[in-house]
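Worksheet: the structure to be examined is printed underneath.
What follows is calculated from the coordinates using simple rules that are stated; it is not laboratory data. Model, not experiment: these values are computed from the prediction. Don't worry about glycine lacking a Cβ; one is built from the backbone with ideal geometry, like all the others, and counts go over all protein chains shown.
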Amino acid sequence: MTRNVLLLVATVGTSALLRGQAPDPKPPAFEVASVKLNNSGTTRSLGGPKRGHFIQSGTLRQLIQAAYRRGGFETRQVSGGPKWIDSDRFDIDATVDGSLSLAALYLPDGKGSAGLAYLMLRTLLAERFKLVLHTETQQLPIYALTMVRRDNSPGLKLHKSDVDCDAVLAEIARTGHPAPPKAPGQMPPCSTQDRPGHIAANAISMSQLAEMLSGFAERETHDQTNLRGTFDLTLDWTPDTLPRAVGTSPDQPTTANGVKIDPNGPPLVTALQEQLGLKLESTKGPVDVLVIDHVEKPTPD
């Protein structure tokens, strides 16, 4: 799964029932949306920003995580559901009002999602997949993101950032366009890129990095580094399970969205320590879990 998200993400209790989104007589919805089963074995970019257009691809569990992730980064845990929600992949191709800016569509809206497009995705999941959810707070195993070195010095690929993201994001909100990189080959300011085996970020906080790592570590991760401010970083590792398109020969290079993955690289835990000076420590803590009450396969169109 690949994302490119602008920065602007034992039962203790049960909260309100969710059906795609909190009750709303007219929830945000796409103008037109196509949902098709992906039988090719290929993957497409999750949430590729484009004015007037929304493309999302993944398993239903991944689509739910995308629609409900918090702060634009954190992968929400999703419990329950039939086996096909992890095996069948779906391609969503939707259109939205072309006058809406990318900022309105993809930047956090203060309601726990990554932006208006993801509220629309919640509506689509409720209507086309008949998805019904509720949330539970559970005490589950989590990771604490901490420093490796006693002097709290970072690794070679973790650098303090001097970018003012408030100013950058205010300009994005004003123009409706992503900020351009300072130089060719560099990342746009206040942006992230991630795919299996790779994370790159410009001006990201450690709490935001912890949220991103939650998806790759397959366990909710909380920041306990005590590092303040934002950072530029690059992290490369070899995933435990290498993605491979259906029909691809084992002797062909493994790729994620067209980018080769080094099969001999370090695992995530080792890469974090060697490259960023960070480590993941196992512990337990409260986790808000999305629980699937009902879901159906959509009719392709």
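Would you tally the net charge around GLU171, using a Cβ to Cβ cut-off of less than 15 Å, leaving GLU171 out, and scoring K and R as +1, D and E as -1?
Values: positive: ARG174, LYS182; negative: ASP164, ASP166.
My count for the surroundings of GLU171 gives 0.
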Under 17 Å from a label point 7 Å along Cα→Cβ of HIS159: give me every residue in the range 173-189 with its amide N that close.
-> 181-189
With GLY265 itself left out, Lys, Arg at +1 and Asp, Glu at -1 over residues whose Cβ is under 13 Å from its Cβ give -3
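Just to confirm a number: summing +1 for Lys and Arg and -1 for Asp and Glu over residues other than SER34 whose beta-carbon lies under 12 angstrom from that of SER34, what do you get? Walk me through the numbers before you get to the answer.
Details: positive: LYS36, ARG128; negative: GLU31, ASP91, ASP93, ASP301.
Net charge around SER34: -2.
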Pairs of alpha carbons in the range 140-286 whose separation is greater than 22 Å (percent) = 46
Those trypsin sites (Lys or Arg not before Pro) in the range 121-201 that DSSP places in a loop and that have at most 13 other beta carbons within 10 Å = ARG149, ARG150, LYS182
Can you tell me how much longer the chain between GLN139 and THR241 gets when fully stretched, taken as 0.36 nm per residue apart minus their C-alpha distance, in nm with one decimal?
-> 34.0 nm
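Fewest first, what order do ILE64, ILE142 take by the number of other Cβ atoms within 10 Å? Working shown, then result.
On the way: ILE64 25, ILE142 20.
Fewest-to-most ranking of ILE64, ILE142: ILE142, ILE64.
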Points 7 angstrom from Cα along the Cβ direction at ARG150 and GLN224: gap in nanometres?
-> 1.9
Taking only the alpha-carbon positions of the range 132-175 and ignoring solvent, what does the Debye formula give for the base-10 log of I(q)/I(0) at q = 0.15, 0.19 Å⁻¹?
-> -0.82, -0.81
Taking neighbour counts of Cβ atoms within 10 Å as a proxy for exposure, in what order, fewest first, do MET120, MET187 appear?
-> MET187, MET120
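If you take the beta carbon distance between SER101 and ALA183 as r and set R0 to 25 Å, what does 1/(1 + (r/R0)^6) give as a FRET efficiency, to the nearest 0.05?
On the way: r = 25 Å, r/R0 = 1.01.
Rounded to the nearest 0.05, the efficiency is 0.50.
Give the order of LEU140, LEU133, LEU227, LEU272 when sorted by the count of other beta carbons within 10 angstrom, beginning with the fewest. Kindly include the intermediate steps, with their values, before the conclusion.
Values: LEU140 14, LEU133 27, LEU227 20, LEU272 24.
With the fewest neighbours first, LEU140, LEU133, LEU227, LEU272 line up as LEU140, LEU227, LEU272, LEU133.
Give me the extension gain from ALA167 to LYS26: residue separation times 0.36 nm, minus the current Cα-Cα distance, reported in nm with one decimal.
On the way: separation 141, 0.36 × 141 = 50.76 nm, distance 3.31 nm.
Working it through step by step, the gained length comes to 47.4 nm.
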